[in-house]
Every structure is written in C-alpha cells, then in structure tokens.
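Data block below; observations after.
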Amino acid sequence: MVICDASACTDCAKCIKVCPPNALRFPGAVEAAPHMLAASNGSGPSGARLTGGGWASATVREIQEKARTGKHIVRGCGTTRRLPTLDDLVLLPAGLSRMPVDTYREAAVTRTVLGARFASRPLVIETPIMVAPMSYGAISREAKLALAMGSARVGTAMNNGEGGLLPEEVEHSYRQIVQVCPSRFGFSLRNLELADAVEIVFGIGAKPGLSGHLMAEKMTAEIAAFRGLPPGIDLASHPRHGDIFGADDLMVKLQELRQITRGAKPIFLKVGAGRVYEDVKIAAKVGVDGITIDGMQGGTGAGPVIAIDHLGMPTLAAIVQATRALEDMGLKDEVSLMVSGGIRDGADVAKALALGADAVLIGTGAMVAMGCTVCLECHKGECEFGIGTQKPELRERLNVKLAAHRVANYFTAMTNELVILAKACGKRDVHNLEREDLRAVSLEACAMTGVPFLGTDYTFTQPFGFFG
Amino acid sequence: MVEELDLEGLSEAALNERLQALAGRGGQVVLHNTRARHNLVVNVSGELDVAIQGSAGFYCCGFMNGPRVTVTGNVGWYAADNMLGGSLTVGNNAGSNLAPSMIGGLVLVHGSAGSRVGYGLKGGTVVVIGNVGMLTGQQMLGGRIVLLGAAGPGTGESMYGGAIFYRHGALAASGTNNRARGLEPDETGWLAALLAEHNLPLNPDEFECLAPTPGKQKYHLFKPRLDAREKAV
Ligand SMILES: Cc1cc2nc3c(=O)[nH]c(=O)nc-3n(C[C@H](O)[C@H](O)[C@H](O)COP(=O)(O)O)c2cc1C
Ligand code: SF4
C-alpha cells in the first residue's frame, strides 16, 4: 500500500496520472461534496477520506487554505458535487408496441436546423452536437484551432467564447457562432459580419450570476492585447452588458442586431440555469431565435468554488423547465432550445433531445477528447496537455492535427451512439425522440423532471406534458 | 445636397439602409419626426452629415463608423454603443450608459448624462459638458472621457485603461482601482485642442485625471467597518 505523507503532498496529482492500474484517485473527484460530508458528519459516499472528527479531508484542506489566504477558493472545471444527471433517466426501447429501426442499415436523420424562428438563414449542422464556447485565453490558440478543425470535419458549429474571435478559428470552422459577451473583449462589428449565428451571453452554468474569470497566469501579453487589457491582471470581467440593462432594452437591442445582420443570422441567448422557466419565457418573448441553457454541471476555465458548487440548477431539471416554458408559451416549435452542462455521450444527447432540446453543446468533453484529464486546475494555466494554458512551451505539446482528429472522432462516435439509441427507440430522426421514451430510475429524477418512475406511468410531482 | 427625410411611416431599418446608401458621398441628411425612436443611424459607415431634428431613443448611432450626427434634443440610453468612428453631438441630455463599449470616434453631450457613461469604453472620446451620474468609465479598457460638470460616485470603477479628465473638486467619489494624477504634457495639449475645437472656454489647468491603478485589481467582497467601542472592563 502506498502511504501518503499529507504534510508533503502538494496535490499535484502526478502520481494519479501515471499509476498504470488507476489505483489512485484524485481527491477532488473522490470527495465530491466535502461540505455535504462535513454536514452529515462523514456519512457521505464511501471512498472519501475522512479525518478523525468525520470531516472530509478536502473540507479541512479548504478551510486551511482559506485561513491562510483570507480568500475564497478559485478553480477550473465544473462542480464535483453529486447531482441528479441524465443518467437518472433511461430510454424505453422499441419492441412490439413500436418497431425498432435497423441499427446499422437504415439511414437516420441527424441534421439539425437551429434559429429558424425569425432568421432567414438558420444554422444548419449535421449533428445536434456543437462545440461549446470556450474563450481564447481560457484555452490556448492551438486548442481553439483543433476544436474548429475537428468540429468542421463533422459539420457542426464552433462558438468563439468571451475572449475575441481568432482569425484561424473562423477560417477553419464549418459554422461559426459568435458571442456577444458583457465584456465585449475583442468584439466589434466585424465579429457580427463573420458570424453564422450570434449568441448574447447572460451567464454560464458553472457560475451563473458571475462574470468571466481569467487568472493572471493566463493573462499573457498576447491574450491581454487581444482583449484590450493590461497583462498580468486577475480578470473578473464585466458583469452586465453595458448596453442591455433589462428585458425591454434587450428587445430593442435585438432589433439593432437584426438590422446589422440583415435579419439573416439567428440570434441566440445563453443563460446559466437558475430561474430557467422565467428566463426562457422572457427570452422567447423578447424575440430570440434560440436559447442555450447551461446547467449547473457545466465547465469553466476558472470560477469561485463556492459558486461552482452552490449556484444554479442541474442540467436535467433545467431542460424540463426550459421545455415547459416554451410549451406554455406555444413556442416550442419556433424557438430552438440548446442545452449544455455535463453532456458526455450519446445517451446524454438522446435524453436531452427527448426532454425537448434541439441540440447540445460540449465543453469539457471536447477538451477531454484533446487530452484533458479534468484536473480541476485549469485556472492555473499550467496545463501539461497544452489546452488550458498560454505558456508557449506547454502549448507546443498539443498536436493540433491529432487533437482535431480526436475531437472529430469523439463527435462522430457520440452521434453514432445517439443514432443507435434513437433507432432502438423506433425513431429515424433523432429529433423525434420524445419524453414518452423516457423513464426515471431515481425518485429524485422523477420528482425533478415529471418523467414517470421506472415501471410506472406515474409521477408524483408536476407532470411533464405527455403524462399530464 | 441636403436630403430631408420624414420618419413618419419609415421603419428604422429602412431609414438606416437609406442612410447607408447615401453615406460615402459626403452629403447631408436632416431627419424629421424622429419622436425619440430607437436604433437611429445604426450600422451606418462612411462620410455623411446627419442632423436629427428632435430626440433619439435607445442605441442611437450604435455600431456607426464615420457619419457626423447631431441631435438637437436628447438621446436615450446606450447612445453610440459599440461605435467605431464618426461623431455624435447631442444638444441636450443623454440617458444612462452613454457610449458603452465604444471603440472610436467622438461623443459630445451639451447637457448632462446619466450613470455609467463609457461603460467598458475601448477607444475614442466622450465629452459631457453637464453633470454625469455614478460609475462613469466603469471597467473601461481605453479611450478618454472628459467631464466638465460634476460626477457622481464610483467614477472610474475598476478601469483597465484609458483616462477620465474632470475638473478639480468635481468628483463625488472615485471608484476603486484607479488613481488621480495630474495631466501629462501630451494630454494637456490634446485637451486644450479639444476644448478650443468645441468652443469650451476652459483651461486644461483646471483638470485632473483618473487613470487605472497598475497591477491586480481589488474587489468589493467583504470589508468590515470596525467602529471604536468601549470595551467592557
Ligand atoms: C475552459 C472553458 C472556458 C469557457 N469559456 C466560456 C466562454 O468564454 N463563454 C461561455 O459562454 N461559456 C464558456 N464556458 C462554458 C461552456 O461554454 C459550456 O457552457 C460548458 O462548458 C458546458 O458544460 P460542459 O463543460 O460540461 O460540457 C467555458 C467552459 C470551459 C470549460
Ligand atoms: S487537464 Fe488541462 S485543460 Fe484539462 S482541466 Fe486540467 S488544466 Fe484544464
């Protein structure tokens, strides 16, 4: 057995990465919810290291760090809390009541059209899986390029993120979504001209209600110049759009953006999952073409742990709330619904689509495809895989072509999985997956979604459409 | 040649297209019956003089690049948002959030302006002859703001770049992450020229300036205000 000298261990996790049989575990991942463990006096998930008094050692370490620095703790990636996920649902396959579609021989529709509500040139992509916006700054130029190239190979969209629009990203992407972020770093009329679709950002799922963070380690001269900032600062970017201070203004702003894009380009709105029902209703009412809801499990380059773990709503519940809002307005078929936050495989995509999403976005998963190990240290800018870093010697390590190939493979495999599941449910078009295809395997998921508990046709909370 | 346009019955989109068609020829356009409508002179680029007879609503001159626009009345919130070049001169007052994320050009307000003038300003110059509300220049990245009247609290909050010029004693309170300093010689010359160009009878000596504090920024989270109290014996 390995003995860890806790006083000497720096939590670098290198031993975990090199351990051939994966016998070591990463503390952050194991001690998923240290505060919960502490609160329950250690009766949390097995495997968590507890100290004498039943306090999780991660909690103890966090307190020690806060006591040392007097600061809240910042880290990268999404929450490590155990929250209900799409895994808490299963799909009901076809049998006699409905016939399956031949898995390997019949064609299936994956083509996805987004933003056709008002835009004369909606976004048409070949798979309902897109690359989530990850800013140039949070990730390297090479990683951005690989994502653009990889997503282009499968005919899907790339989204630039907060840190400006790299020329090589636009050049290599198949379809380019351009964000209008509160900070407007690297943003100008030109970005709108180059966009295939525009996305106004009101927050992300990992830290809804907070602005973008980019720690000094990544604020190199190059990144700072691209954003128009002084180098070396810890950035907490603009919290609100200087030109949108409320829903009424947003309505007028949309008219402005529509004039600029000549009514051709879809205009989406992204918001972190919080008061999803209300937010979606407002967004639909003011006239966007599509809404992205980013659930609580969504990733980030950096954010306060307290926000990452305690703000927001899990993706599972958020999709239902968003679908419900659009249905209540009679706009479900008009306004595109896109979802992100913790989507990892074709099953997640299939279930999200069945719950009402038209497409999903993948952030962390796409980074993992390029080599990321979700080390939670993205804020430090020391990524040994050349992804979450701006250091030239580390960036060099990312083989752009190989990373692009892997992103394309991952998206292809995931779309294949989606097709397999859709066909097994008797659907030729992945967009025909519906909530009636779903059952909940946990009471929590049943309560949260209104999807009946497995083996029943009943739900004990607010019903969700078909079962209402 | 001066073209007179009556906005009655004309949509903003149609107006802006018309202006764009005229831009680049160096002509003059007078807009009547604007009735404080939103999105006037949006995304128009090229040489053009536009005179708005009356007031404009939100987002006047948004994303504009080149025209010289004068408004005899007021402009609503967010005038000159994301503007790239040209000028906007407002005869009366401007609403809040004047020139947000503006990249270039000149905005001159003869009256007063609301809060958050130059929020996230990136470049160009904003001049307000009257008073301004709070948080002028919040998180501005560049550009220059010149305040001739009084300024509310939080001026220059968390500026990253650029400079805010104000008259001695005119700030209610400055925000964090900035410092007051005297004008540098090139700034004195620039300000003198600006004041002269716009017939503003003031001397640069009357001004000082807020600039960003170098290094990492400080944030408002928790700062106990400890009042002295008598300790129980
Ligand atoms: C490194 C990184 C940088 C990000 N930067 C942005 C950004 O600039 N703008 C934005 O809207 N979301 C940003 N996000 C959030 C993602 O777009 C997306 O909402 C989230 O990652 C989805 O969850 P997932 O990572 O579980 O797939 C970022 C996420 C990561 C991991
Ligand atoms: S492996 Fe790299 S990209 Fe992934 S979380 Fe860690 S630092 Fe970020």
Tell me which of these B:His168 doesn't satisfy, since it passes every other one: (1) of a type outside the set (Phe, Trp, Tyr); (2) surrounded by 17 or more Cβ atoms within 10 Å (Cβ to Cβ); (3) in contact (Cβ under 8 Å) with a residue 40 or more places away in the chain. (2)
Being assigned to a strand (DSSP E or B) and within 10 Å of ligand 1 (Cβ to nearest atom) is the filter; apply it to the range A:131-165 and report the residue that is nearest to the other protein chains (Cβ to nearest Cβ). A:Tyr136
Selection from the range A:258-275 of residues more than 9 Å from chain B (Cβ to nearest Cβ), farther than 26 Å from A:Val320 by Cβ and among the aliphatic types (A, V, I, L, M) yields A:Ala264
Residue count, the range A:218-233 (criterion: within 10 Å of chain B (Cβ to nearest Cβ), in a helix (DSSP H, G or I) and more than 14 Å from ligand 1 (Cβ to nearest atom)): 1
Quick count over the range B:46-77, residues being out of contact with any strand residue (DSSP E or B) (no Cβ under 7 Å at 6 or more places or on another chain) and either basic (Lys, Arg) or within 12 Å of another protein chain (Cβ to nearest Cβ) (or both), is 5
Checking the conditions here, which among A:Ala445, A:Ala403 is at pLDDT 95 or above, over 22 Å from A:Met130 (Cα atoms), assigned to a helix (DSSP H, G or I) and touching a helix residue (DSSP H, G or I) at 6+ places or on another chain (Cβ under 8 Å)? A:Ala445
Please state which one of A:Glu417, A:Glu436 is in a helix (DSSP H, G or I) and closer than 30 Å to A:Leu145 by Cα. A:Glu417
Criterion (in contact (Cβ under 8 Å) with a residue 24 or more places away in the chain, of a type in the set (Val, Ile, Thr) and surrounded by 24 or more Cβ atoms within 10 Å (Cβ to Cβ)) met by exactly one of A:Ile362, A:Ile420: A:Ile362
For the range A:216-234, which positions are buried (at least 22 other Cβ atoms within 10 Å of the Cβ) and over 22 Å from B:Leu121 (Cα atoms)? A:Lys218
Looking at (1) in a loop (DSSP other than H, G, I, E, B); (2) within 13 Å of chain A (Cβ to nearest Cβ), which is the only condition B:Pro153 fails? (2)
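Okay, residues lined up against (1) closer than 22 Å to A:Gln390 by Cβ; (2) within 12 Å of chain B (Cβ to nearest Cβ); (3) more than 16 Å from ligand 2 (Cβ to nearest atom):
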{"residue": "A:Cys181", "(1), (2), (3)": "yes, yes, yes"}
{"residue": "A:Arg190", "(1), (2), (3)": "no, yes, yes"}
{"residue": "A:Leu194", "(1), (2), (3)": "no, no, yes"}
{"residue": "A:Glu199", "(1), (2), (3)": "no, no, yes"}
{"residue": "A:Pro208", "(1), (2), (3)": "no, no, yes"}
{"residue": "A:Ala216", "(1), (2), (3)": "yes, yes, no"}
{"residue": "A:Leu235", "(1), (2), (3)": "yes, yes, yes"}
Hey, any hits in the range B:218-227 for a residue that's within 30 Å of A:Pro230 (Cα to Cα), charged (D, E, K, R) and either part of a loop (DSSP other than H, G, I, E, B) or free of Cβ contacts under 8 Å to residues at least 40 places away in the same chain (or both)? yes
State whether one or more residues within the range A:313-328 are in a helix (DSSP H, G or I), surrounded by 24 or more Cβ atoms within 10 Å (Cβ to Cβ) and within 14 Å of ligand 2 (Cβ to nearest atom). no
Of a type in the set (Gly, Ala, Ser), within 21 Å of the chain's Cα centre (by Cα) and within 13 Å of another protein chain (Cβ to nearest Cβ): which single residue out of B:Gly130, B:Gly169, B:Gly175, B:Gly137 fits that description? B:Gly137
Number of positions in the range B:11-21 that are surrounded by 14 or more Cβ atoms within 10 Å (Cβ to Cβ) and either modelled with pLDDT under 95 or among the small types (Gly, Ala, Ser) (or both): 1
Restrict the check to the range A:392-399 and report whether at least one residue is of a type outside the set (A, V, I, L, M, F, W, C), assigned by TED's automatic domain parsing to the domain that holds A:Ile343 and within 22 Å of the chain's Cα centre (by Cα). no
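Every residue, every condition in (1) surrounded by 18 or more Cβ atoms within 10 Å (Cβ to Cβ); (2) under 29 Å from A:Leu418 (Cα atoms), yes or no:
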{"site": "A:Ile63", "(1), (2)": "no, no"}
{"site": "A:Thr69", "(1), (2)": "no, no"}
{"site": "A:Asp87", "(1), (2)": "no, yes"}
{"site": "A:Leu96", "(1), (2)": "no, yes"}
{"site": "A:Thr112", "(1), (2)": "yes, yes"}
{"site": "A:Ala116", "(1), (2)": "yes, yes"}
{"site": "A:Leu123", "(1), (2)": "yes, yes"}
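The values are calculated or read from the model by the stated rules, or taken from the named source; none is laboratory data. Just so you know, these numbers come straight off a predicted model, no measurement behind them. Here Cβ is always computed from backbone atoms with ideal geometry, including for glycine, and neighbour counts include all displayed protein chains.
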